[in-house]
Structure formats: structure tokens, C-alpha cells
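Worksheet: one structure, shown below.
The values are calculated or read from the model by the stated rules, or taken from the named source; none is laboratory data. Owing to the predicted nature of the structure, the values given are computational and were not obtained by experimental measurement. Using ideal geometry, Cβ is built from the backbone for each residue, glycine included, and neighbour counts are taken over all protein chains shown. Calculation scope for accessible area: heavy atoms of the full protein, side chains included, ligands and nucleic acids excluded. Shrake-Rupley method; radii C 1.70, N 1.55, O 1.52, S 1.80 Å.
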Protein chains: 2
Amino acid sequence: MSSAVIDLKNCDNCPIRHRAVCARCEPDELEQLEDIKFYRTYDAGQPIMWAGDQMEFVASVVTGIATLSQTMEDGRTQMVGLLLPSDFIGRPGRVRASYDVTAVSEVTICCFRRKPFETMMVTTPHIGQRLLEMTLDELDAAREWMLILGRKTAREKIASLLAIIARREASLHLGKTGDGFAFDLPLTREAMADYLGLTLETVSRQISALKRDGVIALEGKRRVIVPDFDALIDETGDDADGGLLS
Amino acid sequence: MSSAVIDLKNCDNCPIRHRAVCARCEPDELEQLEDIKFYRTYDAGQPIMWAGDQMEFVASVVTGIATLSQTMEDGRTQMVGLLLPSDFIGRPGRVRASYDVTAVSEVTICCFRRKPFETMMVTTPHIGQRLLEMTLDELDAAREWMLILGRKTAREKIASLLAIIARREASLHLGKTGDGFAFDLPLTREAMADYLGLTLETVSRQISALKRDGVIALEGKRRVIVPDFDALIDETGDDADGGLLS
DNA sequence: GTTGCGCCTTGATCCGGATCAAACGGAAAA
DNA sequence: TTTTCCGTTTGATCCGGATCAAGGCGCAAC
């Protein structure tokens with residue numbers, strides 16, 4: 001694997017330090033962390049780890065996008081996680097990876113040797129608490145995903161995925177989700193198919209259909225324009241209010 | 001809701017105290033817990049809470065089986081969690097329930113008022129740590145479930161569900177999973193369909209097919225006999241070794 | 001007994017998405 | 001420039017599971 005240590009200290013973008021795990025750490029706790037962390041970068045398409053691999057470290061995504069996925073013996077693949085900056089990789093207490101982790105874009109991860117990290121979790125409750133919050137959020141996302149996989153039509157699945165990505169982009173760039181909102185798809189058609197439990201042909205056809213029906217517009221293959229966000233939400237089959245009302 | 005407080009102290013079967021959260025609590029921590037916990041019982045089929053309900057407590061299943069599920073406006077339903085004794089209900093820090101919780105059999109839950117429980121999580125790290133472990137296990141289960149929903153055929157789905165239930169029964173009763181192993185289905189055909197993203201007719205047909213092919217035998221509608229456990233596993237499409245080998 | 005009611009099974013038909021196949025378009029390599 | 005290649009689109013056909021419909025079985029109420 002062509003991965004390299006790129007920095008050992010003071011990465012302002014390190015999510016474990018500044019956003020994910022250590023948002024509430026004391027300065028001396030941060031110094032402890034500095035001693036056991038290092039960085040790795042992977043090119044788009046590269047595997048980061050295979051299911052069954054020995055995991056010597058846990059990690060956190062700093063930049064880029066990676067996927068968690070499971071593959072059956074005959075090759076059928078299901079994505080089970082989409083890892084964005086600040087998301088956590090690996091699991092304290094577990095020696096072997098349970099899923100394949102693959103870089104979708106160029107990805108930099110911040111690694112912590114597993115043993116020291118585990119002992120730190122005991123001595124520094126904040127880290128465990130933050131990890132619990134993150135895991136609960138992931139569980140909620142997984143459950144929303146299960147509804148998509150189990151009960152939605154192909155069109156609803158595509159609309160749901162677009163809405164998920166659009167919402168994330170909007171919140172990231174402080175952007176409005178108003179009219180004419182636009183964003184880039186970070187995933188290939190095949191990756192979208194693996195996400196949604198479809199074939200890439202069906203993904204392509206349904207995107208074309210949404211375009212034909214004026215729900216979205218495309219610039220090239222990857223850039224999506226959403227003229228009316230509510231119209232997109234209508235296509236997802238979800239409740240109009242995202243569970244916000246009584 | 002015909003729910004009643006059934007006991008306020010010393011429930012040897014309370015999973016929060018003895019199995020789930022407090023496995024490593026000190027005696028004085030247990031006493032703290034006693035002050036803020038109470039029990040409720042629900043009949044089979046009764047709703048325990050609806051998505052959107054205000055949650056005044058978090059809880060833990062003591063006896064019986066309950067389901068977590070999501071329903072779309074038009075009635076399509078997807079089960080997203082199967083709650084067994086010792087499983088946790090609710091989420092610290094969240095005011096409203098995200099999913100419908102329904103009793104499948106008669107269910108007794110052990111409730112903790114949410115606020116005191118949350119403050120206790122801060123003062124008693126063991127509880128948070130145990131909760132993290134449980135949540136990570138649930139996340140793994142959800143991801144296995146996503147593969148089932150997204151990529152498996154109806155027959156593989158049924159076989160997978162039977163294998164999941166069989167394995168749990170086996171581990172519960174210290175039972176072997178050897179030849180002639182038998183267990184009761186805790187779910188109706190409809191609940192199985194909601195679990196697997198199928199219709200109840202397809203569930204019924206595929207169970208009949210597995211019976212016809214000698215993979216399983218039935219006693220009545222609910223009791224399943226598995227003559228050869230490996231043959232059942234073969235039908236799931238999963239790797240033969242459950243990821244145990246290198 | 002018989003009636004009614006859940007829960008389950010089975011049959012006939014339909015349709016959405018998979019599969020097989022071909023071709024397109026843009027970017028990098030030659 | 002042309003070639004190659006990868007990601008994508010589109011078309012034709014097939015099939016697994018949904019849908020619609022009828023009937024069976026066990027059980028509790030009457």
C-alpha cells in the first residue's frame with residue numbers, strides 16, 4: 001500500500017483532536033494524544049483495509065471520502081458506511097476489521113495505535129463519551145438506510161441519496177437549500193448502486209428519469225442542480241417534516 | 001396504555017443492574033440506580049412508544065421481545081431493530097423517540113428517568129463504556145442487516161433470519177447447534193417480512209420452499225427444526241466461516 | 001356444535017428492477 | 001491526431017418478488 005506518514009504533530013484539521021473525539025479535551029490530554037498519533041494518505045480507489053485484517057490502529061478521517069462495505073463470496077457488494085471527515089474507523093477492543101474500507105477520493109486519515117488509545121479511553125472519559133455520541137449518530141443513519149434498502153422504490157432510493165448528500169453539502173457550506181441549490185456527487189454510479197442495493201444501470205436510468213421530470217438538472221455527469229428542494233424531498237417518500245413536528 | 005409499575009427494588013433479572021450497563025458497577029453506584037428506576041409491562045402487540053413521543057425515560061428490556069420500526073406515510077413498514085432482554089431503549093440526550101417500539105411478546109422493561117440517568121453517565125464512566133459497547137454491537141448488527149436487505153434473495157433472507165434466531169437461541173440455552181436443533185420463531189410471518197423487506201406471502205412461500213427442500217422442518221407454524229445447521233448456513237449466502245479465519 | 005377471527009398457505013398474474021448487450025463521451029495516453 | 005479506456009447511458013428481454021385473490025387451520029367466543 002502506497003501510504004505514508006505525512007505529519008506527526010499539530011494538524012489543525014485533525015478531527016480527533018479538534019472536532020471528533022477531543023472537542024472537550026484538556027490541553028494535557030491533547031499532548032498525550034500527540035504522542036501516539038500519525039497520518040496516512042490514500043489515493044482515490046485505493047483500499048485502506050480489508051475485512052479480516054489485523055487492525056493495529058483506530059483512525060479518523062481528516063479529508064476525503066471513504067466507504068465501508070461488505071462483499072459476498074459471489075461478488076455481490078453492499079456499502080454499509082460512508083465515511084466523511086471526522087468519522088471514525090475501527091473499533092476499540094476489536095482486533096480485526098469487520099468491513100472493507102476503500103478510499104473514494106484522496107483520503108487522509110489520522111491514526112492512533114489501538115492499545116494506547118484504548119487505555120486513554122479509560123483515563124479520559126470525554127473521549128468515550130464523544131465516541132458514544134458518534135456511534136449513536138451512525139446507528140441512526142444506519143436505521144434510516146435500512147428503511148431505504150428494505151422498502152423504497154428505485155426512484156425513492158435515488159432521491160433519498162441525493163437529499164442526504166445535498167443536506168450534508170448544505171450544512172457544510174452553511175449553504176441554503178433554497179432554489180437553484182447545486183452540489184457535486186462524490187460517488188460513481190456504481191458506488192451509488194452499492195449504497196442503495198441497486199444495479200448501476202438502474203441508478204443511471206432513475207437519475208435520467210428525475211432529470212427528465214425536472215426534479216434535478218445535471219451539469220456534466222457529476223454536478224447536480226436542485227431547482228426546488230421540496231420537490232426532491234417529495235420524491236423520497238419520507239414525511240415532509242423530518243420528524244420535527246409533534 | 002395498560003402499563004403498571006411492578007417492582008421498585010431488587011429485581012435480580014434487571015439487565016441494567018446485572019448484565020447490561022452496570023456489569024462492573026460498584027455497590028454504591030447500584031444504590032444510586034435503585035432510586036431512579038421503575039418497571040413497566042406491556043402485552044403482546046401493544047405499542048411501547050411511538051416515533052415522535054416525548055421520552056421521559058430510557059429503558060432496558062428485562063423479559064420478552066420488542067421491535068423498533070419505521071413506517072412511511074403510505075404504510076410501508078421496515079423493522080430496524082429487534083430488542084431482546086438486556087437491550088437498551090432510548091438514547092441519552094435525545095428528547096423524542098425516533099422509532100416506534102412495539103411489544104412482540106409480553107414485555108417487561110426497566111425504566112430510568114432520563115435526566116438522572118444522564119447525569120449518572122457523567123459521574124459513572126462504567127455506564128457510558130458499557131453503553132458504547134452495546135451501541136457498537138448494535139451498529140454491527142445493523143450493518144449485517146443492511147447486506148441482507150440490499151443484496152440477498154428472498155430465500156437467502158429467510159435463511160439468514162433463521163440462522164440469526166437459531167444462533168441466539170443456541171447461545172442462550174448453551175445449546176449445541178448440532179443436528180436436530182430446534183427453536184420457536186418469536187415473530188409472525190408479517191413481522192419477519194417487516195424485518196427482511198419482503199411481503200408476508202413471500203416469507204410464507206420461501207419457508208415452504210426451505211421445508212420442501214429439507215433444509216428445515218416445521219412442527220406447527222412456529223417451531224423450526226434444523227436437521228443440518230451447515231446446510232442452513234449454506235442457504236444464507238454468507239461466507240462459510242463467519243469471518244473467523246485469517 | 002358453529003361462527004368468527006387471526007394467522008398462514010397457495011395460486012394466478014403483473015411489474016419493477018436485474019440482466020445482457022451495445023454504444024456514447026470525455027480524458028488521458030500514444 | 002487517433003487510440004484506448006473508464007464511467008455512463010440506453011435498449012431489449014427476463015425473472016423474482018409484489019400484488020390480488022381465495023381458501024385452510026386452529027382457537028376462542030357464543
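Mind listing whichever residues of the stretch A:220-230 are more than 9 Å from DNA strand C (Cβ to nearest atom) and without any contact (Cβ under 8 Å) to a residue 12 or more places away in the chain?
A:D230
Can you confirm whether the stretch B:143-165 contains a residue that is farther than 23 Å from B:V80 by Cβ and either away from DNA strand D (no atom under 16 Å from the Cβ) or outside the structural domain of B:Q70 (by TED's automatic domain parsing) (or both)?
no
From B:A159, B:A193, B:A209, B:A163, which residue is part of a helix (DSSP H, G or I), of a type in the set (A, V, I, L, M, F, W, C) and touching an Asp or Glu at 6+ places or on another chain (Cβ under 7 Å)?
The unique qualifying residue is B:A159.
For the stretch A:69-78, how many residues are facing chain B (nearest Cβ under 8 Å) and either within 18 Å of A:R143 (Cβ to Cβ) or touching a residue at least 12 places away in the same chain (Cβ under 8 Å) (or both)?
3
What number of residues within the stretch A:94-112 are among the aliphatic types (A, V, I, L, M), open to solvent by 40 Å² or more (accessible area, probe 1.4 Å) and within 14 Å of chain B (Cβ to nearest Cβ)?
Number satisfying all stated conditions: 1.
Looking at (1) within 11 Å of DNA strand D (Cβ to nearest atom); (2) under 25 Å from B:L68 (Cβ atoms); (3) in a helix (DSSP H, G or I), which one does B:L198 not meet, given that it meets all the others?
Result: B:L198 passes all but (3).
Considering only the stretch B:201-234, state which residues are of a type in the set (A, V, I, L, M) and either away from DNA strand D (no atom under 16 Å from the Cβ) or within 14 Å of chain A (Cβ to nearest Cβ) (or both).
B:V203, B:I216, B:V224, B:I225, B:V226, B:A231, B:L232, B:I233
Going through the stretch B:195-219 one residue at a time, which ones are more than 9 Å from DNA strand C (Cβ to nearest atom) and surrounded by fewer than 11 Cβ atoms within 10 Å (Cβ to Cβ)?
B:G214, B:E219
Could you list all residues from the stretch B:123-150 that are more than 9 Å from chain A (Cβ to nearest Cβ) and among the small types (G, A, S)?
Matches in the stretch B:123-150: B:A141 only.
If you take the residues in the stretch A:184-194 that are within 12 Å of DNA strand C (Cβ to nearest atom) and open to solvent by less than 20 Å² (accessible area, probe 1.4 Å), which one is nearest to the other protein chains (Cβ to nearest Cβ)?
Here the answer is A:A193.
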